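The values are calculated or read from the model by the stated rules, or taken from the named source; none is laboratory data. Model, not experiment: these values are computed from the prediction. Every residue, glycine among them, receives a Cβ derived from its backbone with ideal geometry; neighbour counts consider all protein chains shown. Please note that ligands, DNA and RNA were not included when accessible areas were found on the heavy atoms of the full protein model with its side chains. Shrake-Rupley method; radii C 1.70, N 1.55, O 1.52, S 1.80 Å.
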Amino acid sequence: MSKLSFDVDHASPKDENIGEPTEPGRPHEALFLVLPYLTLSGLIAVGKACTSLRDAVRDDVLPWLELAVDDPLSRRMRDEILIEITSKANGKLRTLGLSNCTKITDGGLQRVIEKNPLINKLYLPGCTGLTPDGVINAVKTLSANGNILQSIKINGIYNLQQQHLKVLRSFIQVNPETLDHKCSIKFGREGDCNVCPVDVGICPKCNEVRKVISCPIEMCAGKRDWRLSECRGCGSCIPRCIQCGVCVALEDLEEAEAICADILCMSCWLQLRKCDFCNKPYCKRHAEGRLNPSGPRGFVCELCTVHEEDDIDV
């Protein structure tokens, strides 16, 4: 097979402009159908690919109407960056989701809210830089513009009190069909219930404002004779398996011990791979990148690896 070659000296007159800079072409129309489904990280990556894609991401408002900031971007998200990103929605932002954005302050959130009065879903779980009063002020600002929030998530914000929850609920549009709903999500994905308008409530055990969960019904149906018969409460009052969300009996806490600090039920503990030395597993959330292979099927955890190196040094 002959090799393809191109002799510049013998190029035809039609090719005399080869090598000169040209105007970037418009991206294919199908790209604009994909952009709204990309994550924030995906939008940023596409915008850095070339000039035409950068302009497409910058000038299209639709991808920026539903903003969700997760790891690893949440660890670097600051007020000025958030204000710049939300400005791409041109004041039409509908959903603002900030997960574990610990550097966002009350002032930064308020500026974003003032410039985006159409927000109807406000998700702020784990944003420890915010205060309950700051969140209430943001919600009041939205309500003052005639907007009604459909849902808000504030689990993980410090110093939440019952009076704060009462005020926030007064500004939320509540569907009567959800009043008797008892959240029973599974814990394996750190997910949130999409039925509850507010993701926290008053724990019936400790009377504190926290995320209140019920065990999955199909799993707890056979537990009515146990000591934990009333298995609705916050994570501090009722131990729950990080994998499936089922309540864990007190006697199983020591037997189903994990390498990490998370709680596992015996059923999930038996299904996970164990360290060859301590016979303890990582939960799925902490297992990624930590299963250092020691053989065809086993691994050695970080703690045992350190102890093994110390023994060798001695």
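For a quick check of your reading: which helices (runs of 4 or more DSSP H) sit entirely within the range 235-292 and have at least 3 residues that are of a type outside the set (D, E)?
Once the helices (runs of 4 or more DSSP H) in the range 235-292 are filtered for at least 3 residues that are of a type outside the set (D, E), what remains is 266-271, 284-287.
Specify the residue that is surrounded by the fewest Cβ atoms within 10 Å (Cβ to Cβ); the eligible residues are those in the range 13-60 that are among the polar types (S, T, N, Q) and modelled with pLDDT of 80 or more.
So the residue we want is T51.
Mind listing whichever residues of the range 152-173 are open to solvent by less than 50 Å² (accessible area, probe 1.4 Å) and at positive phi?
Result: G156, single match.
Please tell me if E251 is open to solvent by 70 Å² or more (accessible area, probe 1.4 Å) and either at pLDDT 85 or above or in contact with a helix residue (DSSP H, G or I) (Cβ under 8 Å, 6 or more places away or on another chain) (or both).
No, not satisfied.
What residue, among those in the range 61-76 that are over 19 Å from P36 (Cα atoms) and modelled with pLDDT of 90 or more, is least open to solvent (accessible area, probe 1.4 Å)?
Per the criteria, the residue is S74.
If R94 passes every condition in (1) surrounded by 17 or more Cβ atoms within 10 Å (Cβ to Cβ); (2) in contact with a Lys or Arg (Cβ under 8 Å, 6 or more places away or on another chain) but one, which one does it miss?
The failed condition is (1).
Considering only the range 254-267, state which residues are buried (at least 18 other Cβ atoms within 10 Å of the Cβ) and among the aliphatic types (A, V, I, L, M).
Selection gives A256, A258, I259, I263, L264.
Please list, ordered by first then second residue, the pairs with beta carbon atoms under 8 Å, 6 or more apart or interchain, first in the range 101-119 and at positive phi, second among the small types (G, A, S) and open to solvent by 60 Å² or more (accessible area, probe 1.4 Å).
none
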